Amino acid sequence: GYPKTAMGVSDSHNYDMPGSPRDFFPSSTDEPGLFNVNELVDAIKSGKILVSTGAFAEVDINGVAGMGEEVADGDGTVDLNLRIEAIPEIDVQGFLVFVNCDEAAVVYTTDPTGTVKYNGTVPLTIAADSHVVVLGFGFNDMPRGFNQFSNSTPRFATNAIFVDYDE
């Protein structure tokens, strides 16, 4: 009954290698000196964290609700909008979509070694109150200088987007 926020399990000490698990969150600034710790705390509490081992994803349902948010939709289908990016040397071959922890879709990216790996919409069937999570995977080794992970380690993992089916 209590939503949880998935987090990466890494922090930086002594200039750790890039590509370690990192957490991305919405911020009002890119200027480190203007960082507002309350934005980070709010993002963690509200599930607006993207976990990354090298790739970045923007995700929403019906253009309305992003990670940690809820959308009301009772017609049986929703549109999952997804944009995946990474440097060309980090492949993202495809992604898995889970609805209530059940695999709902397997989608291959359109340009696994480009900068924009995928930019599109995946229709999902929703028959009850649900949460939707996306995991992106690559199969090639990470580029030189990046930490290596097994092929079963996601390049990114979104936090849940919630669908209120019967509202």
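The values are calculated or read from the model by the stated rules, or taken from the named source; none is laboratory data. Worth saying up front: this structure is predicted, and the values here are computed from it rather than measured. No Cβ is skipped: glycine too gets one built from the backbone with ideal geometry, and neighbour counts run over all protein chains shown. Quick note on the areas: whole protein, heavy atoms, side chains included, nothing else; ligands and nucleic acids left out. Shrake-Rupley method; radii C 1.70, N 1.55, O 1.52, S 1.80 Å.
Just a few scattered comments:
- Considering only residues in the stretch 55-74 that are among the aliphatic types (A, V, I, L, M) and surrounded by fewer than 17 Cβ atoms within 10 Å (Cβ to Cβ), the one that is farthest from the chain's Cα centre (by Cα) turns out to be A72.
- None of T115, T158, T153, T109 is of a type in the set (S, T, Y), under 18 Å from T53 (Cα atoms) and at pLDDT below 95 except T153.
- Residue pairs meeting the criteria (Cβ under 8 Å; at least 6 apart or on separate chains; first open to solvent by 20 Å² or more (accessible area, probe 1.4 Å), in the stretch 80-102; second part of a strand (DSSP E or B) and among the aromatic types (F, W, Y)): R83/Y118; E85/F56; Q93/Y108; Q93/F137; L96/F137
- Residue within the stretch 28-44 that is over 19 Å from P143 (Cα atoms), in contact (Cβ under 8 Å) with a residue 12 or more places away in the chain and in a strand (DSSP E or B) present: no
- Number of residues in the stretch 24-54 that are open to solvent by less than 70 Å² (accessible area, probe 1.4 Å) and under 17 Å from R83 (Cα atoms): the value is 8.
- Criterion (over 15 Å from V97 (Cβ atoms) and hydrophobic (A, V, I, L, M, F, W, C)) met by exactly one of F146, F156: F146
- Residues being of a type outside the set (D, E, K, R) and without any contact (Cβ under 8 Å) to a residue 40 or more places away in the chain - total across the stretch 134-162: 4
- Counting only strands (runs of 3 or more DSSP E) that sit wholly inside the stretch 47-152, those with at least 1 residues that are touching a strand residue (DSSP E or B) at 6+ places or on another chain (Cβ under 8 Å) and under 20 Å from P26 (Cβ atoms) are 50-52, 56-61, 70-72, 77-85, 116-125, 130-137.
- Screening T5 against (1) outside any helix (DSSP H, G or I); (2) at pLDDT 80 or above; (3) farther than 16 Å from T158 by Cα leaves a single unmet condition, (3).
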